[in-house]
Amino acid sequence: MFAFCTDPASLPQWQWFACYLTTATHFAFYRSFLMVMLLLAITAPVALAMGLVGALAVRSRIWPVSWLGKGYVNIVRGVPDIVFFMFVPIALGQGIEWVFHHIQCPDWDQPIRQGNDFIVCREAKVPPVGAPAWVRNVYAFAMAVVAFSLVFGAFAANTLHGAMQAVPRAQIETAEAYGMTRGQAFRRIIMPQMWVYALPGLSNIWQILIKATPLLFLLGLQDAVYWARELGGQKTSLYTYPHPDWRVWYFLVLLCFYLLLTWGSERVFGRINARLSRGQATAAGERMRRAAG
Amino acid sequence: MRTCVESFEAYILRALGRDHGATLLPRGLDITFCDQAFLIASGLIWNVYLAGLAIAIGFGLAVAVAVGKFSDNPLISRPAAAFIFVFRGSPLFIQFFFFYSAFVLLPRQGIEIPLGFVTLTANTSALTTAQVGGLLVLVLNTTAYSAELFYGALRTIPRGDLEAADAYGMSGLTKFRRVIFPSMLRLAWPSYTNEAIFLTHSTTLVFLSAFPARQQSGEAFYYARYFVDQTFNPFVAYPLVAAYFVLLTLFIVGLFGLMNRHLNRHLPRERRRRIRFRPQYIR
């Protein structure tokens with residue numbers, strides 16, 4: 001990185017650290033924080049969308065749909081999420097390969113499960129055999145996103161369903177009195193108002209989602225935990241930058257990163273809550289009205 | 001192939017170590033369904049041990065921290081609030097890694113704590129095991145989460161109760177023991193039940209993070225993962241461990257429900273607080 005970094009062994013303290021903290025592996029470590037943010041940025045809207053679909057399904061008047069929605073919410077919430085994070089990527093990966101196998105190799109005569117092996121034909125492998133490393137990484141990341149969205153979608157569905165129920169009944173009756181259909185009343189009355197009721201629950205889910213991101217490590221991705229272990233471990237004099245066991249400092253950095261993230265989002269949610277409470281028939285909205293008048 | 005009885009004898013206590021049952025875990029094609037069922041069940045020993053002790057120790061600490069945060073003295077309430085913030089604001093998974101890497105740095109022969117008349121030797125090598133070090137992290141974590149619940153309950157104790165206590169001339173410890181503590185417990189109990197459930201579920205993280213499973217003795221989910229690695233079939237071991245945890249959860253709900261009935265026994269039926277099962281597992 002810097003010009004003076006050619007011989008780290010002879011550098012004074014601060015220059016040594018300047019060089020040490022700007023090695024290529026350290027940049028991979030910094031990028032892994034961006035990966036956490038990216039996971040959050042993708043998962044949150046997807047989970048919210050799944051939650052909305054799930055909540056609508058639970059509300060549905062067609063019983064197979066509502067049954068499906070209730071099943072989804074209760075099964076995902078009733079089973080430890082770790083099990084889901086580990087189960088979904090493997091099961092989904094095998095499922096995709098199984099489907100591709102049946103499409104592309106219809107005349108394959110051997111069973112797919114042979115003892116402890118899961119064997120599909122070469123064309124059905126996902127990602128394809130010989131794919132570059134970044135394709136494999138993106139695939140693993142996408143699997144993680146699916147697992148996270150499934151679990152957090154169920155949490156969100158439960159919260160949103162509760163929020164839809166919490167919109168005052170009288171408002172919906174008024175809408176009906178104006179001759180609105182069920183769909184119209186939902187779009188014009190429930191949808192704009194439910195968010196203020198959903199927000200405490202959603203902010204809780206968001207905090208839990210943040211705290212679940214280190215579990216990416218268990219899915220074999222090179223995330224912040226992976227790099228903290230790699231970089232922090234003791235380096236002998238064979239390495240360019242020898243140092244004793246520094247893992248505790250790397251994990252301290254991670255701890256602070258997450259504390260900052262949860263603290264920051266708590267404040268943001270406080271702001272949004274104040275914004276949404278404006279003009280609402282809730283205690284907070286009432287207080288704002290008094291303060292303004 | 002083993003029969004079911006053989007694998008029961010070999011694996012039902014295997015989680016305690018190599019001396020309790022078969023030396024090696026079943027491998028590859030040798031794995032039967034009964035092996036999976038019994039070995040995963042034996043792992044539950046550690047889940048129950050970790051969760052039970054962490055809840056028991058954490059409960060007392062949590063009451064102290066909650067009262068501390070509620071205190072008017074900023075010298076007490078600030079540190080208590082900071083403790084709660086740190087342990088609730090960061091992922092348990094990272095806490096495990098952080099504390100483990102701190103524990104390995106401690107000198108192996110133990111730390112000598114001079115107390116004037118005697119010198120205590122703190123056994124630091126035990127801290128790098130999941131059974132002691134992992135338990136310590138779980139205790140700190142559940143203390144923070146429960147303290148926040150108890151703090152919320154302290155704030156919502158009906159004013160009338162406190163005034164009645166004052167009218168009876170109670171003060172200090174008597175008032176706390178007879179009025180504040182029982183009311184706090186009653187108000188916080190439904191959410192505390194959920195906390196106990198989350199904690200039990202997060203014991204699955206202990207061996208997944210930094211703490212090593214010595215002699216391959218781990219908890220239930222450690223074995224489930226072992227089987228999935230061996231058989232490459234997630235459709236047996238993971239549903240099994242999920243089913244065990246559902247049973248464990250139902251047991252906790254039942255146990256805490258009894259306590260809830262006891263705490264609410266003086267109230268008219270419709271004012272009793274119900275325990276609602278609201279699982280959110282990750283922390």
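The values are calculated or read from the model by the stated rules, or taken from the named source; none is laboratory data. Keep in mind that this is a model prediction, so the values were computed, not measured. Note: ideal-geometry Cβ built from the backbone for every residue, glycine included; neighbour counts use all protein chains shown. Ligands, DNA and RNA are excluded from the accessible area calculation, which covers all protein heavy atoms including side chains. Shrake-Rupley method; radii C 1.70, N 1.55, O 1.52, S 1.80 Å.
Taking all protein chains together and a 1.4 Å probe, the residues B:69, A:211 rank B:69, A:211 from largest to smallest accessible area. In terms of Cα atoms, the Rg and Dmax of chain B work out to 22.2, 74 Å. Which of the lysines could a cross-linker bridge to residue B:69, judged by Cα under 28 Å and excluding same-chain residues fewer than eight apart? Cross-link targets: A:211, B:175. A 1.4 Å probe run over the protein chains yields, for region A:14-292, 53 Å² of accessible area per residue, whole-number rounding. Sorting A:34, B:187 by accessible area puts them as A:34, B:187; the probe is 1.4 Å, largest comes first, and only protein heavy atoms count.
Accessible area per residue (1.4 Å probe, heavy atoms of protein chains only) ranks A:109, A:245 as A:109, A:245, with the largest value leading.
Pairing chain A with chain B buries about 3800 Å² of accessible area. This figure sums both sides and uses a 1.4 Å probe. Taking every protein chain into account, the accessible area of chain B amounts to 48 square angstrom per residue (probe 1.4 Å). Under the convention that each Lys and Arg Cβ holds +1 and each Asp and Glu Cβ holds -1, the size of the dipole of region B:4-271 around its Cα centre is about 740 debye.
Using a simple spin-label model with pseudo-atoms 7 Å out from Cα toward Cβ, residue B:159 and residue B:113 lie 4.4 nm apart.
For the pair region B:166-181 and region B:44-103, the centres of their Cα atoms are 27 angstrom apart. Each stretch of four or more DSSP H residues adds -39500 (n - 2.57); spread over every residue of chain A, this sum gives -23500 deg cm²/dmol at 222 nm. For chain B, complete DSSP H runs whose alpha carbons reach 27 Å or more along their own long axis and whose mean Kyte-Doolittle score is 0.5 or higher are B:33-70, B:135-155, B:234-263.
Within chain B, what's the longest stretch lacking chymotrypsin sites (Phe, Trp or Tyr not before Pro) that sit in DSSP loops with no more than 12 other Cβ atoms inside 10 Å?
Numbers: sites that count: B:117, B:168.
Formally, the longest exposed-site-free interval is B:1-116.
Helix-only arithmetic for chain B: the sum of -39500 (n - 2.57) across DSSP H runs with n ≥ 4, divided by the residue total, places the mean residue ellipticity at 222 nm at -20500 deg cm²/dmol.
Return the tail of the calculated pair distribution for region B:188-239, meaning the percent of Cα-Cα pairs more than 19 Å apart.
Of all Cα-Cα pairs in region B:188-239, 42 percent lie more than 19 Å apart.
Of B:101, B:145, B:15, which is farthest towards the positive pole of chain B's charge dipole, taken about the Cα centre with +1 and -1 on the beta-carbons of Lys, Arg and Asp, Glu respectively? Towards the positive end, the residue furthest out is B:145.
Quick one: dipole size for chain A, taken about the Cα centre, charges +1 on Lys/Arg Cβ and -1 on Asp/Glu Cβ, in debye to the nearest 20.
Dipole of chain A, to the nearest 20 debye: 1340 debye.
For region A:186-279, the set of chymotrypsin sites (Phe, Trp or Tyr not before Pro) satisfying both a DSSP loop assignment and a count of at most 11 other C-beta atoms within 10 Å is given as A:239. Apolar share of the accessible surface for the protein assembly as shown: 63 percent from carbon plus sulfur atoms, 1.4 Å probe. Region A:146-195 and region B:134-154 have their alpha-carbon centroids 34 Å apart.
If R0 is 41 Å, what FRET efficiency do you get for residue B:267 and residue A:195 from their C-beta distance, rounded to 0.05? Spell out each step's value before the answer.
Details: r = 35 Å, r/R0 = 0.86.
Rounded to the nearest 0.05, the efficiency is 0.70.
The angle between the Cα long axis of helix A:24-59 and the longest principal axis of the Cα atoms of chain A comes to about 20 degrees, rounded to the nearest 10. How high is the FRET efficiency from residue B:255 to residue A:34, r the C-beta distance, R0 41 Å, rounded to 0.05? That pair, residue B:255 with residue A:34, gives E of 0.40.
When the Gaussian network model of chain A links Cα atoms closer than 10 Å, the mean-square fluctuations of A:15, A:94, A:114 top out at A:114. Given the options A:205, A:105, A:90, identify the residue whose Cα lies farthest towards the positive end of the charge dipole of region A:14-292 (+1 on Cβ of Lys, Arg; -1 on Cβ of Asp, Glu). Of the listed residues, the answer is A:205. Summing Cβ point charges (Lys, Arg +1; Asp, Glu -1) relative to the Cα centre of region A:80-189 gives a dipole of roughly 400 debye.
Take the Cβ atoms of residue A:178 and residue B:30, set R0 to 51 Å, and the FRET efficiency comes out at 0.15.
Contact residues in region A:80-94 (at least 30 Å² less accessible area with all protein chains than alone, 1.4 Å probe): A:80, A:81, A:82, A:83, A:86, A:87, A:90, A:94. Looking at region A:87-175, the pairs of alpha carbons with a distance over 16 Å make up 68% of the total.
Size descriptors for chain A: radius of gyration and Dmax over Cα atoms are 25.3, 83 Å.
In the context of the full protein assembly, residue A:17 retains an accessible surface of approximately 70 Å², using a probe radius of 1.4 Å and ignoring ligands and nucleic acids.
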